[in-house]
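Comments concern the structure below.
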Amino acid sequence: MVLSYGDGVGVYRSHLFGSPAIIGCSPEFNKFVFQSHDLFPIKWPTIELLGCTSIVAVDGKSHTRIRSYVSNAINKPDALKRVTSLVQPIIINSLRSWAEKGQVKAVNEVKKITFGNIGSMFVSFKPGPLLDMLDQDFAGLLRGVRAQPSKLPGTAYSHAVQCRKRLMAVFRKELEKRKRSSDLSDENNDLMDGLIKMKDEEGKLLGDEEEENMAASKKGDFITREELAELKNTNKVVEETIRLANIAPIVFRVAKEDAIYQGYKIPKGWNVALWIRYIHTDPKNFVDPMSFDPERWNNPPKPGTYQVFGEGPRICAGNMLARIQLCIFLHHLVTGYKWELINPDAKITYLPHPRPDDGVEIAFSTL
Ligand code: HEM
C-alpha cells in the first residue's frame with residue numbers, strides 16, 4: 001500500500017519553486033535522501049544563479065574532480081594551517097578598528113571580515129572598492145538562490161540575475177588577466193590559480209605553500225591550528241552558533257525515479273527539499289532548541305540530528321574552514337575585548353537567514 005501523507009515520518013507534499021515537491025524534515029528521511037545520491041541527485045531551482053557548471057551543479061566524475069580540488073585547497077589539515085595564518089591578521093586588525101570606532105554594527109563588520117578572507121583565499125583581492133562591490137553583489141545573489149525564480153523586475157531573483165552578471169564580468173576579467181600572465185603561480189597561489197591549472201593538468205592539486213605569511217611583529221598574538229583544536233569551550237560555542245544560525249536552511253534534490261519511503265511514494269521528477277533548519281530547531285532533537293546553550297555540546301548530538309553541513313558525498317566542502325574561522329574570531333574577540341548590545345531586545349528576521357534586525361549594534365572596547 002502506498003500512503004498519501006507523511007506526518008509521523010517527517011515527509012510532506014507541497015508545491016515549491018514551480019513544481020510539485022516533497023519536503024523532508026526528519027533526520028531519518030534526510031539521511032535516506034542524502035545517502036541515495038544516484039536516486040536523488042542535486043537540483044537547485046535557481047542553478048543558473050550558482051552556475052550550471054559549478055561544483056553544486058555537476059555530477060559524477062566532474063563533481064569528484066572539482067570537489068577533490070576544492071576540498072584539498074580549503075578543508076584539509078595543510079590548507080587549514082595556511083588559512084589560520086592568512087585570516088588572523090585580518091581578524092586582529094578588524095577587531096582593533098572596531099575598538100577605535102567604539103560602536104559598530106557587528107553583522108556588517110563580520111561580513112566584511114569573512115568576505116575579505118574569502119576574497120584573499122580565492123582570488124587574492126585586497127579590501128577596497130572592488131571587494132566592497134563584490135560583497136554587495138554577492139549578498140544580492142544570495143537573496144535570490146532560495147527565492148521563487150521570477151523574472152519580474154523588483155523580485156529577489158531578477159535582482160540576483162543582475163548581480164551575477166556583474167560578478168561574472170569581474171571574475172572573467174581577472175581570469176583573462178591571469179591567463180595572459182606567464183608566471184601564474186608565483187603571483188597569487190590562490191584558489192583561482194589552482195582551478196586554472198587544474199584545467200590544464202587534470203587532477204593537479206595545490207602545491208605546498210609557505211606556512212607563515214603573518215607579519216612577524218604581530219606573531220605573539222597569533223594562535224596555531226593545533227592550539228585552536230584545544231579550545232574546548234570556544235569550539236562548543238562554534239557548534240552552537242552554526243546550529244542556531246542555520247545559514248543553509250534547505251538543500252535541494254530531485255527524484256530521478258519513483259521511490260518509496262516507509263510506504264510513501266516520491267514520484268519521479270518531483271523536487272525533494274530537505275528542510276535541515278527544522279531538524280536543528282526541533283525539540284525532539286535538541287532540548288529547548290531556540291536557546292543558545294553551548295553546554296549542550298558536552299555530549300554529542302543524537303545520531304543524524306546535526307545536518308548543518310549536509311551529509312554524504314556532497315557534505316559541505318568548507319565545513320572545517322567555516323569552523324576554524326569562527327573559532328579564531330571568537331578567540332580574539334573574547335580574549336581582547338568587551339562589548340554591550342545597544343538594542344538588547346532587537347527582533348530577529350528569519351528569511352532567508354536568521355539575523356537580528358538592528359545588525360547587532362554594539363558598544364565595543366578593549367578589555
Ligand atoms: C557555517 C557555514 C557553512 C554552512 C552551514 C554550510 C552548509 C553547507 C551545506 C548544507 C552544503 C550541502 C549542500 C547539499 O547537500 O546540497 C554545503 C555544500 C558546500 N559548501 Fe558549505 N557551508 C558553510 C560554509 C562553507 C564555506 C566557508 C565554504 C567554502 C569557502 C563552503 C563550500 C561549500 C561547497 C563547495 C559545497 C558544495 C559541495 C558539493 O556539492 O560537493 N561552505 N555547505
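The values are calculated or read from the model by the stated rules, or taken from the named source; none is laboratory data. Remember, it's a predicted structure, so these values are computed and weren't measured experimentally. Methodologically, a virtual Cβ is constructed for each residue, glycine included, from the backbone with ideal geometry; neighbour enumeration extends over all protein chains shown.
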- Item | Flag if V287 is touching a helix residue (DSSP H, G or I) at 6+ places or on another chain (Cβ under 9 Å), free of Cβ contacts under 8 Å to residues at least 12 places away in the same chain and assigned to a loop (DSSP other than H, G, I, E, B) | yes
- Query: How many residues are near the ligand (Cβ under 10 Å from one of its atoms), closer than 15 Å to L195 by Cβ and part of a helix (DSSP H, G or I) if we restrict to the range 26-63?
  - Reply: 1
- Taking the stated definitions as given, is F329 aromatic (F, W, Y), within 16 Å of the ligand (Cβ to nearest atom) and under 30 Å from R65 (Cα atoms)? no
- Message: Against the conditions (1) surrounded by fewer than 16 Cβ atoms within 10 Å (Cβ to Cβ); (2) within 12 Å of the ligand (Cβ to nearest atom), where does N233 fall short? Just the number, please.
- Response: (2)
- Item | Scan of the range 103-119 for residues that are small (G, A, S) and away from the ligand (no atom under 12 Å from the Cβ), ordered by number | A106, G116
- Message: Quick test for you: out of L244, L228, pick the one residue that is in a helix (DSSP H, G or I), of a type in the set (A, V, I, L, M, F, W, C) and over 22 Å from N30 (Cα atoms).
- Response: L228
- In the list S85, S120, S124, which residue meets the criterion of being surrounded by fewer than 17 Cβ atoms within 10 Å (Cβ to Cβ) and farther than 21 Å from A346 by Cβ? S124
- Task: Restricting attention to the range 235-270, report how many residues are at pLDDT 95 or above and either in contact with a His (Cβ under 6 Å, 6 or more places away or on another chain) or of a type in the set (D, E, K, R) (or both).
- Result: 9
- Among (1) farther than 23 Å from P77 by Cα; (2) free of Cβ contacts under 8 Å to residues at least 40 places away in the same chain, which single condition is F252 missing? (2)
- Taking only the range 66-86 into account, find how many residues are assigned to a helix (DSSP H, G or I), of a type outside the set (G, A, S) and within 11 Å of the ligand (Cβ to nearest atom). 6
- Are any residues in the range 352-367 more than 23 Å from the chain's Cα centre (by Cα), outside any loop (DSSP other than H, G, I, E, B) and either within 16 Å of the ligand (Cβ to nearest atom) or within 24 Å of L231 (Cα to Cα) (or both), and if so, which ones? F364, S365, T366
- Residues of the range 297-312 classified as more than 7 Å from the ligand (Cβ to nearest atom) and out of contact with any Pro (no Cβ under 9 Å at 6 or more places or on another chain), total: 7
- Note on the structure: A322 meets each of (1) more than 10 Å from the ligand (Cβ to nearest atom); (2) outside any loop (DSSP other than H, G, I, E, B); (3) buried (at least 17 other Cβ atoms within 10 Å of the Cβ); (4) not acidic (D, E) with one exception, condition (1)
- Query: Within the range 102-117, which residues are in contact with a helix residue (DSSP H, G or I) (Cβ under 9 Å, 6 or more places away or on another chain) and part of a helix (DSSP H, G or I)?
  - Reply: A106, E109, V110, K111, K112, I113, T114, F115, G116, N117
- Task: State whether one or more residues within the range 335-351 are touching a helix residue (DSSP H, G or I) at 6+ places or on another chain (Cβ under 7 Å) and either polar (S, T, N, Q) or within 16 Å of the ligand (Cβ to nearest atom) (or both).
- Result: no
- With L167, L95, L152, L131 as the choices, which residue is away from the ligand (no atom under 15 Å from the Cβ) and exposed (fewer than 14 other Cβ atoms within 10 Å of the Cβ)? L152
- Kindly establish whether I279 is under 17 Å from T234 (Cα atoms), crowded, with 18+ Cβ neighbours inside 10 Å and more than 9 Å from the ligand (Cβ to nearest atom). no
- If F286 satisfies every condition in (1) surrounded by 21 or more Cβ atoms within 10 Å (Cβ to Cβ); (2) within 15 Å of the ligand (Cβ to nearest atom); (3) farther than 17 Å from R314 by Cα but one, which is the exception? (2)
